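A.B. asks: Please find one structure pasted underneath; my questions will follow.
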Amino acid sequence: METLEKIFGNNTHIKVILLFYNHGGYFNNITGLAKMLDKSHVTVRKVVSDLIEAGILSELDIGKSRVIKINENCPYTEALFNFINSMRTLKKDKKSLGEIIERRTDRRTNQMW
């Protein structure tokens, strides 16, 4: 999602989060993720480790495989996914940031009176 990348920068962390957001569920291994993202295994391993440490992802041992999945019980995951949903809604409605700020300011002004 280009808007998120514009806000947060075009980095692998965002790409991994969006990959899980868009495809849900889990991925069987780091190698598969690295290929999908066109990034090195080492880079993706570091990003996945960061997101596991933050609680957004979790890793399960299933036999000889390590499965990476989204941690749906993490409040950060919920907040991120809500934010992504909001960004997509704004894009569909084609609202500018100025319009959103103006509407919020109008609401706050009306609440004060």
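A.B. asks: Residues in region 64-78: is at least one aliphatic (A, V, I, L, M) and within 12 Å of the chain's Cα centre (by Cα)?
C.D. replies: yes
A.B. asks: Can you tell me which residue within region 50-79, out of those that are assigned to a loop (DSSP other than H, G, I, E, B) and not polar (S, T, N, Q), is surrounded by the most Cβ atoms within 10 Å (Cβ to Cβ)?
C.D. replies: Across region 50-79, the extreme among qualifying residues is Ile56.
A.B. asks: Which of the following residues is in a helix (DSSP H, G or I), open to solvent by 70 Å² or more (accessible area, probe 1.4 Å), at pLDDT 85 or above and not polar (S, T, N, Q): Val16, Val47, Val42?
C.D. replies: Val42
The values are calculated or read from the model by the stated rules, or taken from the named source; none is laboratory data. Everything numeric in this text was worked out from a predicted model, so none of it was measured. Quick reminder, even Gly has a Cβ in these numbers, built from the backbone with ideal geometry, and neighbours come from all protein chains shown. Heads up: the accessible areas ignore ligands, DNA and RNA and are worked out on the full protein's heavy atoms, side chains in. Shrake-Rupley method; radii C 1.70, N 1.55, O 1.52, S 1.80 Å.
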